[in-house]
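The values are calculated or read from the model by the stated rules, or taken from the named source; none is laboratory data. Small disclaimer: the values here were computed from a predicted structure and weren't measured. Here the Cβ positions follow ideal geometry from the backbone for every residue, glycine too, while neighbour counts run over all protein chains shown. Areas reflect the complete protein model, heavy atoms only, side chains present, ligands, DNA and RNA absent. Shrake-Rupley method; radii C 1.70, N 1.55, O 1.52, S 1.80 Å.
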Amino acid sequence: MRFRLSVSLRLTLWYALTLALLLGGFAAFSYARFHEGLHRDFDHHLAHETRALRPFVGVESGGPVMQTPERIQAVAIRTGGTQGTYVRLLDTRGGVRYQSPNFDGMPPLSLPALGNGTRTLSQPWNGMPARTLLSPITAEDGSVRGWLAVTAFEWSMHQELDRLGSTLALGALAGMALALLGGFWLSRRALLPVARMTDAANQIGATDVRARLPVANGVQDELTDLAHAFNGLIERLDEAVQREKRFAANAAHELLTPLATLRAEAEVTLRRERSSEHYRRVLEATIEDSKRLSQVVNHLLVLARAEQPPAEEATDLSALARTVAGEAAERAARSRIVLEVEASERVAAPIGEALARTVVSNLLDNALKYTPDGGRVRLRVEGTPHEAILDVTDTGIGLSEEDRGRVFERFFRAPSGHSHTAEGSGLGLAVAQAIARAHGGEIHASSPGLGQGSTFTARLPRADA
Ligand code: ADP
């Protein structure tokens, strides 16, 4: 089993790590600053003691001497033990010329190396940290004649530092513990809606696409956005599922009815002997019906294929319009329909020839089909810098406002169109639209009203611009 690390736990761990770094850094910085400050204060204290002692130090030929040592006690050497100040006078070779009485009973304190000027040094003494300020004693001519060494214990200072250190460590640990608990609680609380959404999403089955994720009322945050987005997705899926169901039902119906008719006609014909003329008529009708069936199946195939990504091809819509119109000329003439083509300049669109032909011929086919005898149909191709536009205008039966929005639905046939002609499956425009959309375009239907003709405009991106 894979180790599961929940988001709340991960958030808490990251948060704890950041906090630990922050608190640790802060504690170390405070400690270092305090440590340094204490040392500085202590050195000031030693310097102060040295200044107070200096007037009592005289210089003789053998080296420095302490004058009136009984008086210094009151000035610098206040007490013995850990709180006291220990004073020594050294000659230039390091020989002890004087040491304050509180040295009695103390272990020997090693002599510092003598240098050129004033300096401080830390060293352990009697098991405790001691600090010494060493200052040179000069004669009137400026030559160094000896050294004044003032030593004191830093013991209490280190005690304070230890106390500060442990307080900081304890505070940081307690802060971390509280922050960890609080952080975990907070992130759990913040992620509660996610857990609820997960439960709800688990309830949604493949068939039960009507269920939705809970969306907190009155709150607008990233999680409600997510829930809305997810619900929108299910909504679209739901619509797609419903559409596919309708499509399958319509397709079955559309294929079953002519198949049943075909079969019935054949059965009725075979019941008894018929004249060869009769057989011929029935067979011709059968051919017509099979053609229609093939067309439906073809359209269904194109619809399925049109949803695939477009091929890297380009077709000149003007040339295509002229060809398709030429092929339809005879049919138009039969209905005494004037068929005009306005397509002179080359206008290419990024679409394969076969699919482009399907679009143009479906539109032209409809225009001819839904225009009564003696009407007029015009095919026009026009190019703008970015678009290839093809429109088919007729003086036919037109479209009601309501039907205009629905003509591109699969299997939709307007009642007005239905009464006009029995041909058609209601797939032609759906196919054309699907092809246009798969190639980044769109087909639009417009009509001034029923009986007043209509225009179908296909807009595609331009390939040769
Ligand atoms: P059909 O096979 O029925 O023509 P289409 O998808 O091509 O299927 O068209 C859908 C419906 O749109 C038609 O049944 C008709 O009612 C309407 N229609 C399409 N083209 C025209 C047009 N040029 N004039 C009037 N109505 C049209």
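Go through 354, 333, 325 for me and flag whichever is among the hydrophobic types (A, V, I, L, M, F, W, C) and either in contact with a strand residue (DSSP E or B) (Cβ under 6 Å, 6 or more places away or on another chain) or part of a strand (DSSP E or B) (or both).
Only one candidate passes the filter, namely 325.
Could we say that residue 22 is modelled with pLDDT of 90 or more and surrounded by fewer than 16 Cβ atoms within 10 Å (Cβ to Cβ) here? Don't jump to the end; show me each part of the working.
On the way: modelled with pLDDT of 90 or more: yes; surrounded by fewer than 16 Cβ atoms within 10 Å (Cβ to Cβ): yes.
Yes, satisfied.
Can you tell me which residue within the range 64-105, out of those that are surrounded by 15 or more Cβ atoms within 10 Å (Cβ to Cβ) and charged (D, E, K, R), is modelled with the highest pLDDT?
Checking each candidate, the answer is 88.
Here's the yes/no breakdown for (1) surrounded by fewer than 22 Cβ atoms within 10 Å (Cβ to Cβ); (2) polar (S, T, N, Q):
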position	(1), (2)
330	yes, no
335	yes, yes
347	no, no
364	no, no
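Which condition does residue 61 not pass, out of (1) open to solvent by 60 Å² or more (accessible area, probe 1.4 Å); (2) at pLDDT 90 or above; (3) within 30 Å of residue 137 (Cβ to Cβ), if it passes all the others?
All conditions are met except number (2).
Let's see how each residue does on (1) in contact with a Ser or Thr (Cβ under 8 Å, 6 or more places away or on another chain); (2) open to solvent by less than 60 Å² (accessible area, probe 1.4 Å); (3) under 17 Å from residue 213 (Cα atoms); (4) part of a helix (DSSP H, G or I):
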site	(1), (2), (3), (4)
228	no, no, yes, yes
231	no, yes, yes, yes
237	no, no, yes, yes
240	no, yes, no, yes
246	no, no, no, yes
255	no, yes, no, yes
258	no, yes, no, yes
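Across the range 178-217, what is the total count of residues that are under 12 Å from residue 230 (Cα atoms) and among the polar types (S, T, N, Q)?
1
For (1) within 9 Å of the ligand (Cβ to nearest atom); (2) at pLDDT below 95, each residue gets a yes or a no:
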site	(1), (2)
380	no, no
389	no, no
400	no, yes
405	no, yes
415	yes, yes
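Which residue, of 286, 358, 393, is hydroxyl-bearing (Ser, Thr, Tyr) and modelled with pLDDT of 95 or more?
On the way: 286 fails: modelled with pLDDT of 95 or more; 358 fails: modelled with pLDDT of 95 or more.
Just a single option satisfies the conditions, and that option is 393.
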